[in-house]
Amino acid sequence: MMKRYSTITLLLLTALCWMGCRKDTPIDEDGLLITDRAECYVSNFELLGSDFQTVRTKNAEIDTVACTIGVTVFYGTDLKHLYPQFTLVTDAKLDPKITGFTDFSDLATPRTYTVISGNRQVRKTYKVTVTVQPR
Amino acid sequence: MNAKYFGYTLGLFSLCLSIVGCKDKDYAIPEPKNELQNDCIKRTLGPNLAGLNIEFAYAMGLPATRGKIISAQVEASIQGDTATYLENKSYYTNGSGEDVGIPIGDSSVNQGNVTTVTFTKDTNAVTLRYYYRIPKAAKGKEVRFTFTAKSSNGETVSYVMGPYAISNMDMALDLPVKDGDACFISVADMAVYNEKDATANADKIDLVYLYRAIPNITFKHALVSPGADTAYLPGVVLPAGVNRVTKVKKTWALRDFHLARLQYGIYIDDVDFRQLDMTGTPDYAINLKSEAGVWVETADGKYRAYIYINKADDGKKSGTISMKRYTLK
């Protein structure tokens, strides 16, 4: 009887040790899950005006090899108050984060955004070039 | 044997408990208070603007044994405009969903701050609507209301409502604009001028309405500051002295209930104008449609306004606008 009790206790202790030593789920500095995914690209791009309506004249041209996004906006668009929206591959994140309206008025210096893969190992910097619809 | 009896007793007891447990509680008709009573609700929502009504429904009643209601009155802390009145009808809804009014007394009489209805029919219970037309003198102040009912046995009962803040905003509805004609908008005057009148009020013109169908771009209906880049005023000849640079911020789907009079329960209030950030906003808004709008700040920083596009007609190159204005200085 005593022998059986000892065996059970030993088994429980082993199980506890095993569980206690299990590796924690990895989380990055933003509290986001770090996964195994290495894909790193922008799948869609949107640009909204101060009225939260799109200012694109057509779909943005995204080159995932050259890491460029080209977007043509309506004539008269207020380039100082544009709200960019990125759609990224699963588990990826963007740096810098989009926190509100952004100034895109310096057309000669395109804004850059870095996409970071799910495993946080791959970083790709995209250049966003805005062109105003010519009259 | 004892166990058998114990079993029967337990079974019987459980059955009794079940029956008692399922018994409906007896309903007792509530006893009405043997006195004159009243109650009131405010029916209007949103900010209280001068020129609009604040509507209340005032209910009063007493048991028939204690007499009848002889009068109802409302005292406002600030005298309402002449259009203020207390209904002299009690309404019920008929089978077709229409409200049918039954007169219970004479039309209301305004004496100073007090609006009174004297009852002429034997009435024991009634709900009367009260419409307080907000006077300009009340702007920026608070107003309170004391509703009072009197019965034939000398009883009096009162109900206090408020205080309600009266907005500092002004409002102008349904101003027609037309390209090349009534196209000069003054926020200061809350009016739209043609070229001749705009020349006479040159220092008050804040925006120009125009419609342009330009190939390859979407321009259409626009509200442009007179001082904006001429690229946004194609073909517009401004009267002498019309050159103010007004800040304009385009919005969409902000259908203020007062301006749009649609089903959306959205209200622009004083606080919205106070908290509005117009830093770095442009001086033009093009490609405007029906139900769009623009926030505006005048060049002198005196006024902020919200201009709502009620209607935009491409064919006639015209539209209808409504405006809410807040004075900053």
For the range A:72-85, does any single residue satisfy the condition of being of a type in the set (Lys, Arg), surrounded by fewer than 16 Cβ atoms within 10 Å (Cβ to Cβ), within 27 Å of B:VAL294 (Cβ to Cβ) and within 14 Å of another protein chain (Cβ to nearest Cβ)?
no
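Just checking: which of the strands (runs of 3 or more DSSP E) contained wholly in the range B:137-244 hold 2 or more residues that are farther than 24 Å from B:TYR306 by Cβ?
Values: elements: B:142-151, B:156-165, B:170-178, B:184-186, B:191-193, B:207-212, B:220-224.
Correct list: B:142-151, B:156-165.
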Matching residues, the range A:48-71, being charged (D, E, K, R) and more than 14 Å from chain B (Cβ to nearest Cβ):
A:GLU61, A:ASP63
Exactly one of B:ALA292, B:ALA260, B:ALA253 is within 14 Å of another protein chain (Cβ to nearest Cβ), crowded, with 18+ Cβ neighbours inside 10 Å and not basic (Lys, Arg), and that residue is B:ALA292
Step by step: first the residues of the range A:113-135, then only those that are more than 13 Å from the chain's Cα centre (by Cα) and surrounded by 14 or more Cβ atoms within 10 Å (Cβ to Cβ), then the one that is farthest from the other protein chains (Cβ to nearest Cβ). Which residue is that?
A:LYS127
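Just checking, which of A:PHE101, A:PHE45 is among the aromatic types (Phe, Trp, Tyr) and either more than 25 Å from B:LYS249 (Cα to Cα) or within 14 Å of chain B (Cβ to nearest Cβ) (or both)?
On the way: A:PHE45 fails: either more than 25 Å from B:LYS249 (Cα to Cα) or within 14 Å of chain B (Cβ to nearest Cβ) (or both).
From the options A:PHE101, A:PHE45, the qualifying one is A:PHE101.
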Consider B:LYS220 against the criteria (1) within 14 Å of B:GLY319 (Cα to Cα); (2) within 14 Å of chain A (Cβ to nearest Cβ); (3) crowded, with 20+ Cβ neighbours inside 10 Å: it satisfies all of them except one. Which criterion is unmet?
(3)
Scan (1) farther than 24 Å from B:GLY140 by Cα; (2) crowded, with 17+ Cβ neighbours inside 10 Å; (3) small (Gly, Ala, Ser) for the single condition B:ALA305 breaks and write down its number.
(1)
Residue list for the range A:1-59, restricted to those being closer than 23 Å to A:VAL89 by Cβ and at pLDDT below 90
A:THR25
So, restricting to strands (runs of 3 or more DSSP E) that lie completely within the range B:34-82, which ones have at least 1 residues that are basic (Lys, Arg) and out of contact with any Pro (no Cβ under 7 Å at 6 or more places or on another chain)?
B:37-42
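The rows are residues; the columns are (1) within 16 Å of the chain's Cα centre (by Cα); (2) assigned by TED's automatic domain parsing to the domain that holds B:LYS139; (3) among the β-branched types (Val, Ile, Thr); (4) at pLDDT 95 or above.
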residue: B:LEU233; (1), (2), (3), (4): no, no, no, yes
residue: B:GLY241; (1), (2), (3), (4): no, no, no, no
residue: B:VAL245; (1), (2), (3), (4): no, no, yes, yes
residue: B:ALA253; (1), (2), (3), (4): no, no, no, no
residue: B:ASP256; (1), (2), (3), (4): yes, no, no, yes
residue: B:ALA260; (1), (2), (3), (4): yes, no, no, yes
residue: B:GLN263; (1), (2), (3), (4): yes, no, no, no
residue: B:ILE268; (1), (2), (3), (4): yes, no, yes, yes
residue: B:PHE273; (1), (2), (3), (4): no, no, no, yes
Looking at the range B:215-224, can you tell me whether even one residue there is among the hydroxyl-bearing types (Ser, Thr, Tyr), in contact (Cβ under 8 Å) with a residue 60 or more places away in the chain and more than 22 Å from B:LYS302 (Cα to Cα)?
yes
Residues located in the range B:308-329, provided they are of a type outside the set (D, E, K, R) and surrounded by fewer than 20 Cβ atoms within 10 Å (Cβ to Cβ)
B:GLY315, B:THR320, B:THR327, B:LEU328
Hey, any hits in the range A:61-73 for a residue that's in a loop (DSSP other than H, G, I, E, B) and touching a Gly at 6+ places or on another chain (Cβ under 9 Å)?
no
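The values are calculated or read from the model by the stated rules, or taken from the named source; none is laboratory data. In this text, all values refer to a predicted model and were calculated from it rather than measured experimentally. Counting neighbours? That spans all protein chains shown, and the Cβs are built from the backbone with ideal geometry, glycine included.
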